[in-house]
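The values are calculated or read from the model by the stated rules, or taken from the named source; none is laboratory data. Worth saying up front: this structure is predicted, and the values here are computed from it rather than measured. Quick reminder, even Gly has a Cβ in these numbers, built from the backbone with ideal geometry, and neighbours come from all protein chains shown. Heavy atoms of the whole protein, side chains included, go into the accessibility calculation; ligands, DNA and RNA do not. Shrake-Rupley method; radii C 1.70, N 1.55, O 1.52, S 1.80 Å.
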Amino acid sequence: MFTVVLWQPEIPPNTGNLMRLTVNTGCDLPLIEPLGFDLDDARMRRAGLDYREFASVTLHASFAAFVSDLSPHRIYAYTPYGSTVYTDPDYEEGDVLLFGRESDGLPDDVLTHPSITDRVRIPIAPGGRSLNLANAAAIAVYEAWRQHGFANHRRPRAMPRRSP
């Protein structure tokens, strides 16, 4: 439905968590290199559980290569410095939600790239510094999906109840 892109992710468990998120929301997960870890990292596998094999993950050598490879129609770059709040765009199927590195976000050359549709922010309380990357992506994905009435959702299987 949407594409969640990570620009040079550094922390394996965030990427593992996002594999779970994208599988469960019907999104693709392109990763822009270099990665700060190996995709076989045990911490990423642990966070992603068994979702790695189901996740639609692709690798791209650079942001320019990603744009060239996928030719996305609209790219929303998530940054604390965005002027648009994440609930304001009218998300369309196929939109790209782009997130930067955990340590320093997206660089200026990506934020000002002509393919960027808008710079979007997720508000945080005064005194707060930042959100975890996987949490920020989850907020964005679920807002975009909500706007589409959670199209193609299904009820999860019931978990077996434990005996007291």
*Report, to the nearest whole %, how much of the accessible area of segment 1-92 belongs to carbon and sulfur atoms, 1.4 Å probe, protein only.*
48 percent
_Could you work out the percent of alpha carbon pairs in the chain separated by over 19 Å, rounded to a whole number?_
55 percent
*What are the semi-axes of the equivalent ellipsoid of segment 1-84, taken as the square roots of 5 times the eigenvalues of the Cα gyration tensor, listed largest first and rounded to whole Å?*
21, 14, 13
*asked:* So if a site counts as exposed when it's one of the chymotrypsin sites (Phe, Trp or Tyr not before Pro), its DSSP state isn't H, G, I, E or B, and it has at most 13 other Cβ atoms within 10 Å, what's the longest stretch of the chain without one?
replied: 82-149
*Give me the accessible area per residue for segment 1-143, probe 1.4 Å, as a whole number in Å².*
50 Å²
*Gyration tensor verdict on segment 81-146 (Cα atoms; rounded if a/c is under 1.5, prolate if a/b is larger than b/c, oblate otherwise)*: oblate
*Once both axes come from the Cα atoms, what is the angle between helix 12-25 and the longest principal axis of the chain, in degrees from 0 to 90, rounded to 10?*
80 degrees
